[in-house]
Amino acid sequence: MFSLFKKSDEEKVVAESKFFTLIAAIFTTVLVVSNIIAGKIADFGNGYFLSAAVIFFPISYIISDILTEVYGFAAARRVLWTGFLCNLLAVVAIAIAIHLAPAPFFADQEAYAKILGFSGRLLAASFIAYLVGGFTNSFIMAKMKVWLQGKKLWLRTITSTIVGEGIDTVLFTSIAFAGIFAGAQIGQVIFYEWIAKSLFEIVLTPVTYAVIRFLKKAEGIDHYDKNTNFNPLKY
C-alpha cells in the first residue's frame with residue numbers, strides 16, 4: 001500500500017546512522033566559519049596573499065567526499081542544501097546584528113560592520129560557487145565509484161576535488177572581483193587558491209581513507225549510486 005510516509009533507501013540509511021548527523025553538523029560548521037573568516041586576506045609568504053578560509057574551507061570538500069562515498073549522493077545532497085540554508089541564516093543574523101542601533105558605549109560599530117559585513121556581490125559569488133562546486137564534486141565521486149567498482153578511492157577523491165574546487169574557485173573569484181582587479185590578477189588568485197585547496201585534499205588523503213574505513217565498518221554502509229536521481233534541486 002502506498003504511504004505518504006514511506007522512506008526511500010537513502011532516508012532509511014540516514015535515519016539509522018550513528019554518525020551522519022555529527023558529520024553533517026561538522027560540515028555545516030566548517031562552511032559557516034569559512035565564510036566568516038574569508039574576509040581576512042592572509043600573507044602566506046613569498047608574495048602569496050590568499051583568503052584565510054583557504055586553510056579551512058577545503059575540509060568541507062573532504063567531508064563531502066566522505067558523505068558521498070559512505071552514504072551516497074542523495075545523503076550528501078541533503079547536507080549540501082542544509083549547509084547552504086544554515087549559512088544563509090548566519091548571513092541574515094549577522095546583517096540584522098550590524099543594522100541594530102549600537103549602544104552609546106559600544107565604540108566598535110564601524111569595525112564590527114566592516115569585518116562581519118558582506119556585500120551582495122560577494123554573497124552571490126560565495127553561494128553560487130559553493131552550490132555548483134559542491135554538487136559537481138559529489139556527482140563525480142558518486143559516478144566514479146560506480147565506474148571503478150569502488151576501487152582507487154584516492155583517484156576518486158582527488159579528481160572530484162580538483163574539478164569541484166576548480167569550479168568553485170573560478171566562479172567565486174570571477175564573480176566577486178571581475179571589473180575590480182585586472183584579468184591577470186584574477187587568474188593568479190584562481191590558480192594559487194586552486195592549487196592550495198587541491199594540495200590540501202592530497203595531503204589529507206590518508207585521513208580521508210581512515211575516516212571512510214571507520215565509518216563503513218561502524219555503520220555497515222557502503223552505498224553505490226547505481227539508480228540515483230542526481231537532480232541537485234531534490235532535497
(message) If T161 satisfies all but one of (1) surrounded by fewer than 19 Cβ atoms within 10 Å (Cβ to Cβ); (2) β-branched (V, I, T); (3) touching a helix residue (DSSP H, G or I) at 6+ places or on another chain (Cβ under 8 Å), what's the number of the condition it fails?
(response) (1)
(request) Consider G187 carefully, then state whether it is surrounded by fewer than 16 Cβ atoms within 10 Å (Cβ to Cβ) and either of a type in the set (D, E, K, R) or assigned to a loop (DSSP other than H, G, I, E, B) (or both). (result) no
(message) Please pick out the residue among E219, E201, E193 that is touching a Pro at 6+ places or on another chain (Cβ under 8 Å) and touching a residue at least 40 places away in the same chain (Cβ under 8 Å).
(response) E201
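Throughout, read-outs are computed from the coordinates displayed, never taken from laboratory work. Bear in mind the structure is a predicted one, so any value in this text is a computation, not a measurement. Backbone-built Cβ (ideal geometry, glycine too); neighbour counts: all protein chains shown.
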